[in-house]
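All remarks here apply to the structure that follows.
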Amino acid sequence: MKKTVLFAAALVATTVVNAQTGEITSNRGENWLSQDGDWGLTIDATPFLNYAGNLFNGTSGNSAPTWGTPSNALFDPFGTGRFTIAGKKLIDANTAYRGKLRLGFGSVSSDTIVASTTTPNAFVTDTQKDGGSNIALGFGLEKRVGSTRVVGVYGAEAMIGLASSKTTFEYGNAIDANNPAPRATEIKQGGVFSLGVMAFAGVEWFCAPKMSLGAEYNWGIAFSSQGEGSGTVEFWNGTAVESQESNSGGSSSFGIDTGSNGASINLNFYFQ
C-alpha cells in the first residue's frame, strides 16, 4: 500500500515538474505535447464517438466510422465538418496558423423505366443527371495557452466559398401530338458566393503523444449570395417541339450567430 501511494505521489510530482517546464513525456521518452514547427492534421471526431458509444449501448448493426456527404451543396462558412482537409502549422509554442480546404466536384445519374408511348407493352428509360461543385477556403490564426496536457485555444478565422449545381433530364419518349405534356430538360441553380468571419475558443486534451481530442465553440458573421437560376422546358406547340427558358430570382442572407455547428469535437494529430 505504501509503495502504491509513494509511486502515485512520485508520478504526480513528475507531472507537475514537467508541466512547469512545458514538457510532458511518455514512458518511452516521447513528447506528448505539440511543439514549435509541428504540422497538425484535424479531423471530425464525431464518427469515432458515435461508433464508441454504440459499442456500449448495444446498438445492432454498428459500423465503422465514416464521414457522410453534406445534406446540401451550399457552402456553410461555420460547418467545419464540411471541409475535407483541415490542418494547422505551429509557428511557436503559443501560435499556430490554421487552414481549411474543400474541393468538391461530382455528378449523379439515375434512371427510371417508363412505358413507351409509341410501342404497346414496351418500356423506355428516362434519365436524370445532377452535377455540381463546391469550393471553400479558410485561413485563421490560433493562440494556445497552457503547458499541461490540457491546452486552451482561441483565435479567429475567415472563410470564402463558391458553389454551383445543375440538373438535366433525358427522356425515352419523344414529345409529339400523342405525348404533348410539357417537361423540364434543364435546371440551373444560381451560383452561390459565401463569406464568413468567426471567433473561436476551446480546449485540446492530449490523450496520447502528439494526439489530442479538442472541443471548440465559435461565433461569427456570415454572408451568402445566390445568383439567378434558370430552367428550360420543352413542349408540343401543336405542330412541333418548342423550348422555353425562364429565370428564377436570386437571394442573399446575412447573420451573426454561433453557426450551424456552434460546438465541434475534433481529433488533432501533430507531426514534426
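Straightening the chain between residue 94 and residue 271 buys 62.1 nm, computed as 0.36 nm per residue apart minus the Cα-Cα spacing. Between region 162-220 and region 110-127, what is the C-alpha centre distance in whole Å? If we compute the Cα centre of each part, the gap is 32 Å. Projecting label points 7 angstrom from Cα along Cα→Cβ for residue 233 and residue 110 puts them 2.2 nm apart.
Ellipsoid fit via the Cα gyration tensor, region 111-254: semi-axes of 53, 20, 8 Å, each the root of five times an eigenvalue, largest first. Spin-label model, residue 128 to residue 223: label points 7 Å out along the Cα-to-beta-carbon direction sit 3.5 nm apart.
Readers should treat all values here as calculations from the given coordinates under stated rules, not as data from a laboratory. Computed from a prediction, not measured in an experiment: that's the story for all the values here. We place every Cβ from the backbone using ideal geometry, glycine too, and count neighbours over all the protein chains shown.
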